Amino acid sequence: MPKLEQPVPVEVVGAGYYLPERVLTNADLERMVDTSDEWIVERTGIHERRIADDSMSTSDMAVLASQKALAHAGLAAEDVDMIIVATVTPDMLFPSTACLVQRGIEARNAFAFDISAACTGFIYALATAYTYLASGYIGNALVIGAEKLSAITDYKDRNTCVLFGDGAGAVVLKRTGRKGHGICDFILESDGRNAHWLQVPAGGSRMPASTKSIGERLHYISMEGREVFKFAVTAMKRTTVRIAERNSLKAEDITWLIPHQANKRIIDAAAEALGLDQRRIHYNIHKYGNMSAASTAVGLAEVMLHNNLQDGDILLLVAFGAGMTWGSLLIRW
Ligand code: ACO
């Protein structure tokens, strides 16, 4: 995929996020499965994660994050042109979670759809929104990464249950006319050959819900952790270095690396490939765990809201996920 040669100025003009109040600590998990705080921290960097209560769905969290993003952008819900939700934990198989968000925030003039690219979903959604905006078809977009991973996590499986958390992040994109600012490049990649490394085997058309599928716990995340780890390190390094090189950026030019938060060791390997100072990496894995598409969405919102960004700052989002999918996206503030 070639570099965007003359990017149309599409900027991120508002951000918001929502995290459930309930905290699930490593000590809590020690009481649920055969694990230890020491193992989890050393192998993943995670100390705790947030878990939504039973009454709250992915779209509920997305609505709360979106309302904050719209308020931050100063945009009325009825003026939103398009809503994209990146998620692997939709409220239902259909309708789309984006349509439920549209109903929740009363964005009656928008069109809405979901994107399924797992943990890379928010980057795919930003890139998709960019192309709609750059073409002139719409003037603004609400882009959301939202997940209730606790709904598809097997709390009897120590290999996976220590990793995941719930949350939602949302941003508002606008065509602004400020040349040289906003989304200036992205790389989207996928390789379906290893789709089986990360999946929820049952509940779709291949294996509809049955007594057998429930008994065999096939509605939960199944993961070949070591394979995913090796793949992730290579993919994250490659996309990070490639997008930096083709935009003539050195490590010191990058203000914030906002990576997908699957494992601190994977993040550090990607940053190291670029020679990036650890202080330039935005981490939230220690407090939220892996929130799939919501990890980079919440990360971008946190950086925008709390890090006093200056004109010309460079933000680099990188992620990998089920599919397998991976990608990166560059924003010049
Ligand atoms: N507590 C204690 N021991 C554990 C735990 C646990 N929670 N989980 C696994 N172990 C054990 C294993 O059983 C294994 O024991 P064995 O040697 O006796 O077989 C040992 O620890 C080492 O296991 P590994 O899998 O080799 O551990 P590793 O260092 O690779 O870390 C991890 C495992 C954290 C899962 C790592 O492989 C990883 O991060 N993989 C990538 C995961 C990822 O990014 N997933 C994306 C999911 S996104 C989505 O699904 C939406």
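The values are calculated or read from the model by the stated rules, or taken from the named source; none is laboratory data. Computed from a predicted structure; not experimentally measured. All accessible areas refer to the heavy atoms of the entire protein, side chains included, with ligands and DNA or RNA removed. Shrake-Rupley method; radii C 1.70, N 1.55, O 1.52, S 1.80 Å.
Starting from the Cα coordinates of the chain, work out the convex hull volume and express it per residue in Å³.
Spelled out: Cα convex hull of the chain, divided by residues, is 128 Å³.
Which cross-chain or sequence-distant (5 or more) residues have an amide H under 5 Å from the amide H of His260, H modelled 1.01 Å from N in plane?
HN-HN under 5 Å from His260: Val318, Ala319, Phe320.
Can you compute the radius of gyration and Dmax for segment 232-333, using only the Cα atoms, both in Å?
That works out to 12.4, 36 Å for Rg and Dmax.
Any of Lys230/Lys264; Lys237/Lys264; Lys156/Lys230 with alpha carbons more than 18 Å apart? Name them for me.
Violating the 18 Å limit, Cα to Cα: Lys156/Lys230.
Which value, in Å² and to the nearest 10, is the accessible area of Arg238 when all protein chains are kept and the probe is 1.4 Å?
120
Find how much the distance from Asp28 to Lys156 grows on full extension, using 0.36 nm per residue of separation minus their present alpha carbon separation; answer in nm with one decimal.
Roughly 44.8 nm would be gained on extension.
Counting helices only, and only those DSSP H runs with n ≥ 4, report the 222 nm mean residue ellipticity of the chain as the sum of -39,500 (n - 2.57) divided by its residues, in deg cm²/dmol to the nearest 500.
Calculated at 222 nm, the ellipticity per residue is -10000 deg cm²/dmol.
Among DSSP beta bridges whose residues both lie in segment 208-333, state the antiparallel percentage, nearest 5.
Counting DSSP beta bridges with both partners in segment 208-333, the antiparallel share is about 60 percent.
Kindly report, to the nearest 10 Å², the accessible surface of Cys99 as traced by a 1.4 Å probe over protein heavy atoms only.
Per-residue accessible area (Cys99): approximately 50 Å².
Among the aspartates and glutamates, select those whose C-alpha is under 18 Å from the C-alpha of Lys148, and discard any that sit fewer than 8 residues away in the same chain.
Within the straight-line limit of under 18 Å, Lys148 reaches these aspartates and glutamates: Glu21, Glu48, Asp53, Asp54, Asp60, Asp91, Asp114, Asp157, Asp166.
What do you reckon, how do Thr160, Thr255 stack up by accessible area (1.4 Å probe), largest on top?
Thr255, Thr160
In the chain, what % of DSSP beta bridges are antiparallel (nearest 5)?
Close to 70 percent.
Would you calculate the convex hull of the Cα atoms in segment 10-179 and tell me its volume per residue in Å³?
Considering the Cα atoms of segment 10-179, their hull volume per residue is 120 Å³.
Probe 1.4 Å, all protein chains in place: accessible area of Ser248 in Å², nearest 10?
About 100 Å², ignoring ligands and nucleic acids.
Can you report the principal axis dimensions of segment 1-71 using only the alpha carbons, biggest first, rounded to whole angstrom?
53, 34, 18
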